[in-house]
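The values are calculated or read from the model by the stated rules, or taken from the named source; none is laboratory data. What you see is a predicted model, and the numbers here were worked out from it, not measured in a lab. Accessible surface areas use protein heavy atoms only, side chains included; no ligands, DNA or RNA. Shrake-Rupley method; radii C 1.70, N 1.55, O 1.52, S 1.80 Å.
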Amino acid sequence: MKRIFLFLATNLAIVLILSIAARLLGIDQWLTANGGNLGGLLVFAALFGFGGSLISLALSKWMAKRAMGVRVIEQPGSAAERWLLETVGAQARAAGIGMPEVGIFESPTPNAFATGMRRDQALVAVSTGLLRSMRKEEVEAVLGHEISHVANGDMVTLALIQGVVNTFVIFLARVIGGIDRAVFKNERGRGPTYFITVLVTEMILGILASIIVMWFSRQREFRADRGGAQLAGTPSMIAALERLKAAQNEPLPATQLAAFGISGHVGAGLKRLFMTHPPLDERIAALRATLGS
């Protein structure tokens with residue numbers, strides 16, 4: 001539950017900050033004074049909605065390195081680090097992308113993630129717990145999963161999806177907030193409840209929008225699993241997921257990285273709607289189905 005709260009709080013905070021900024025800059029007042037022009041409102045919503053998600057994407061590598069304490073391997077200091085660089089390099093060439101930065105972060109939990117704004121300048125990082133607890137072929141499968149995220153452009157795709165839903169959240173909240181002008185008019189055409197109505201509506205719509213983003217994230221995990229299976233072999237990919245299941249893996253502590261880790265939180269009922277990853281059992285079953293086809 002804490003995981004869901006953190007994710008929703010982060011996304012809602014972005015939308016609410018944009019809303020407050022719009023009010024402070026006088027944009028809301030200008031839109032209202034000009035009759036609530038829907039075309040102008042949509043342009044404003046798109047600029048703010050996509051702006052936030054694209055800025056977050058552009059800063060993703062920088063934020064990831066600092067949030068997770070990633071040590072980028074410039075020169076391998078051991079045979080394990082040399083193998084890690086060579087494996088990522090071979091998979092990147094096979095996937096048709098540029099060589100990503102490769103890093104290691106301290107965590108007893110087996111996990112990994114990929115991030116970055118461009119396919120040819122990404123970052124792939126693995127935890128010390130993953131390197132200690134998995135066999136080489138399983139680590140190779142995890143790396144293949146992350147390389148597939150990069151090759152599929154998942155970071156950019158989810159940022160664009162987030163931008164679209166943010167746009168509609170901002171747009172619809174102000175359309176709904178327009179009832180303030182009709183019901184609580186004052187001499188300037190704006191009622192005192194407009195701002196509160198917009199904020200409350202954005203919070204509600206933001207939660208609903210997160211369900212859409214999380215659904216797309218779960219679908220792309222299945223696709224990354226298939227990519228990892230192609231790069232490292234389906235048995236190795238299944239073995240890696242089985243190992244994660246046995247370890248009762250915890251999600252990445254940095255909220256913005258959760259969607260691109262190898263594993264995420266587990267939920268049931270309504271919690272499932274906000275999961276970044278499908279349950280490991282479903283992912284394993286999907287891969288086993290490809291073996292029988």
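Data table
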quantity	calculated
Spatial extent of the range 63-144: Rg and Dmax, with the Cα atoms as the point set, Å	11.8, 32
Solvent exposure, largest accessible area first (probe 1.4 Å, DNA, RNA and ligands not counted), of R283, R218, R119	R119, R218, R283
Largest to smallest accessible area among R93, R223, R174 [probe 1.4 Å]	R93, R223, R174
E137 accessible area, assembled protein chains, probe 1.4 Å, Å²	80 Å²
